[in-house]
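Notes for the one structure printed next.
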Amino acid sequence: MKNANIRLVLLAGMASAAGAVNGQTLDETRGYAAELLADAEQRTSLLGAPTSAWRGDNFTIANAEGTFLLNISAYNQTRLNANFRDDEATGTFANDGFESGFNQPRTRIILDGNVVNPDTFYRIEFGFDNSDNTSDSGMGKLLDAYFGHRYSSGLEVTLGQRKVDLLRSFNQASNMNQLIEGTVVESVFNPGRSQGIFVAYEGEQGNWRYTGAFTDGAATQNTDFTTNPPEGDWAVTSRFDFAVQGDMAAFADSVRQYPGADGATILGANIHIQEGANAPLVQRAYLIQWGGDIIFQSPDGWNIFAEFVGRYTDTEGSPTFNDFGIAVQGGFFIDDQTEIAAAWDIVSPDDDRGADVSEFNTLQANVNYWPFAGSRAVKFSGGVIIFLDNPSETGGLVSQNTWLGLLGSSEDGQLAITGQGQIQL
């Protein structure tokens, strides 16, 4: 109602200004304003909502029939980081033991909605992200660009570029994270985005969902089909989710829900098979990745999420590798505006990756706070991450990742302290 009143006042003011410029009488101006207000009220009553209004966290524009819809949203994350590690006077990782400063890992603009009818959907997402040690840091980059259709049978078909639906932790929206930046396991094993055909089918009761894809392979966003590597000859992905209890759709973009949500237990399993391109001067690679996960959401406000992942890699001329990862995280809402969370994860590289290969363990804890009651538009977070092991002894699986606060080192143990402010529209 408040937004509607603001729009009516603006319309009246615009009509009044137009009347003054054209030398209209006060009565004529009032009459014109009344017509505009009446027309606006009529459109609002016909649609049940204004054709252009703030709805939740999005700015929405729609035609009178609702067959064409455009949602405009955006978010930004700004972080202050501090990293403590053993100082090294010489070598590849020479440092004085302390590093601090700001970065902006994500600034996103998202356009989505439907065309022709509500079941034909689309999404375009641009990222202006801070990338580690790259010349394009802060420059615009296409992330999602796809469209699709939902059929009454429960089938959904999508064409374009999007996240590969494999790891649930990676599938969640980055501005919905429980942890400030997720886990090391997610950073090592996430398949990134790819281009291809994506399908999904949901059961009539909404308690199970299958998703599949035929794509160019993992981490092939914005590439041409002749780009080798990383383009593969083909890749197929399958994921199956089953809700033992609860609403599965409520966890489409997050591994937990806010206070007031019903309890839920959701199981997931996934597999990805990829064959690398057979091209001159390129070592052909074969990849199989699989895993499983579980979500447990308590109606009392606490939650647990765990996932396991395994990956088999066979590259011509090199040994085969079997690498694994496990991540467990959970949280609790102290009240509607304050959440505490903690996580442990382990990356276990194949012994054939090197002579001194070892596991990499990480512990982390953080607090999330939403300062405006009843709104998730602004969030402040603080976190501590302890990297227990040596990243240089993982055979190349774990490396510097400034978004996580992990820096290059040849020694065991690092401590990262992060504060983040996030705003979303």
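The values are calculated or read from the model by the stated rules, or taken from the named source; none is laboratory data. This one's a predicted model, so the numbers in the text were calculated from it and none came from an experiment. Because the Cβ atoms are built from the backbone with ideal geometry, glycine has one as well, and the counts that use them run over all protein chains shown.
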Next on the checklist: Within the range 73-92, does at least one residue satisfy the condition of being among the small types (Gly, Ala, Ser), surrounded by 15 or more Cβ atoms within 10 Å (Cβ to Cβ) and either more than 30 Å from Gly413 (Cβ to Cβ) or free of Cβ contacts under 8 Å to residues at least 40 places away in the same chain (or both)?
Outcome noted: yes
Next on the checklist: Return the pair list, or none, for Cβ contacts closer than 7 Å from residues in the range 117-128 that are closer than 12 Å to Ala74 by Cβ to residues that are modelled with pLDDT of 95 or more and among the β-branched types (Val, Ile, Thr), at least 6 apart or on different chains.
Outcome noted: Glu125/Ile110; Phe126/Ile109; Phe128/Thr107
Item to check | Among (1) assigned to a strand (DSSP E or B); (2) over 20 Å from the mean Cα position of the chain (by Cα); (3) of a type in the set (Asp, Glu) - the single one Asp345 does not satisfy | outcome: (2)
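Name the one entry in Phe189, Phe225 that is of a type in the set (Phe, Trp, Tyr) and in contact with a Gly (Cβ under 9 Å, 6 or more places away or on another chain).
Among Phe189, Phe225, only Phe189 is of a type in the set (Phe, Trp, Tyr) and in contact with a Gly (Cβ under 9 Å, 6 or more places away or on another chain).
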Checklist outcome for this item: Of the residues in the range 225-276 that are in contact with a strand residue (DSSP E or B) (Cβ under 7 Å, 6 or more places away or on another chain) and either basic (Lys, Arg) or on the phi > 0 side of the Ramachandran plot (or both), the one that is surrounded by the fewest Cβ atoms within 10 Å (Cβ to Cβ) is Gly246
Checklist entry - Do we find that Asp336 is in the same structural domain as Gly101 (by TED's automatic domain parsing) and buried (at least 18 other Cβ atoms within 10 Å of the Cβ) in this structure? => result no
Checklist entry - Are any residues in the range 212-224 hydroxyl-bearing (Ser, Thr, Tyr) and surrounded by 22 or more Cβ atoms within 10 Å (Cβ to Cβ), and if so, which ones? => result Thr215, Thr220
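Residue-by-condition table, conditions (1) crowded, with 22+ Cβ neighbours inside 10 Å; (2) in contact with a Ser or Thr (Cβ under 7 Å, 6 or more places away or on another chain); (3) within 24 Å of Pro259 (Cβ to Cβ):
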site	(1), (2), (3)
Gly354	no, no, no
Val357	no, yes, no
Phe360	yes, yes, no
Pro371	no, no, yes
Ser375	no, no, yes
Gly383	yes, yes, yes
Gly395	no, no, no
Gly405	yes, yes, no
Glu411	no, no, no
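Please count how many residues of the range 138-188 are aliphatic (A, V, I, L, M) and part of a helix (DSSP H, G or I).
Residues flagged as aliphatic (A, V, I, L, M) and part of a helix (DSSP H, G or I) within the range 138-188 amount to 4.
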Checklist entry - Pick from Leu80, Leu155, Leu111, Leu69: which is among the aliphatic types (A, V, I, L, M) and in contact with a Leu (Cβ under 9 Å, 6 or more places away or on another chain)? => result Leu111
Item to check | Output for the range 277-299, where each listed residue is at pLDDT below 95 and among the polar types (S, T, N, Q) | outcome: Asn278, Gln283
